[in-house]
Every structure is written in C-alpha cells, then in structure tokens.
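*Asks:* One structure is given below, represented as structure tokens, and several questions about it will come after.
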Amino acid sequence: MKYICDVCGWVYDEEKGCPELGIAPGTKFEELDENFVCPLCAVGKDFFSEVSE
C-alpha cells in the first residue's frame, strides 16, 4: 500500500519503508509513530491519503 502527502506529493510506500528515516521495509502506515511527519513538508499523518492503484 502507498500513501501520498496531500500537501507536497511525497509518497510513503509500505513495501519500501523509508530507510533514510529509519523506517524498515514492510512497515505499515498505521504502525508509523503518531508523531511521524512528511520528510519534505513536515505535515502530520492526517494529511496523507491512500493511493488507489
């Protein structure tokens, strides 16, 4: 599953995780810390939408 930041368009891909942020591949979006913010624009998880493929 992928989630896109509604503000800047950065995509979080659960399969890939985000190694540069210390997030392991396979980490579900729901499992991300509640304080997670977009690495590009710093908005919270509330500003992400599920990408329908």
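The values are calculated or read from the model by the stated rules, or taken from the named source; none is laboratory data. Bear in mind that the values here come from a model prediction, so they are computed numbers and not experimental data. Note: ideal-geometry Cβ built from the backbone for every residue, glycine included; neighbour counts use all protein chains shown.
*Asks:* Based on this model, can you work out whether Lys28 counts as of a type outside the set (S, T, N, Q) and touching an Asp or Glu at 6+ places or on another chain (Cβ under 7 Å)?
*Replies:* yes
To keep it simple, each residue is scored yes or no on (1) loosely packed, with under 13 Cβ neighbours inside 10 Å; (2) at pLDDT below 95; (3) of a type in the set (Lys, Arg); (4) touching a Gly at 6+ places or on another chain (Cβ under 9 Å).
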{"position": "Lys28", "(1), (2), (3), (4)": "yes, no, yes, no"}
{"position": "Glu31", "(1), (2), (3), (4)": "yes, no, no, no"}
{"position": "Phe36", "(1), (2), (3), (4)": "no, no, no, yes"}
{"position": "Glu50", "(1), (2), (3), (4)": "yes, no, no, no"}
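*Asks:* Which count do you get for residues in region 16-26 that are touching a residue at least 12 places away in the same chain (Cβ under 8 Å), touching a Pro at 6+ places or on another chain (Cβ under 8 Å) and surrounded by fewer than 16 Cβ atoms within 10 Å (Cβ to Cβ)?
*Replies:* Here the count works out to 2.
*Asks:* Suppose we keep only residues that are within 11 Å of the chain's Cα centre (by Cα) and without any contact (Cβ under 8 Å) to a residue 40 or more places away in the chain within region 1-14. Which one would you say is surrounded by the most Cβ atoms within 10 Å (Cβ to Cβ)?
*Replies:* So the residue we want is Tyr12.
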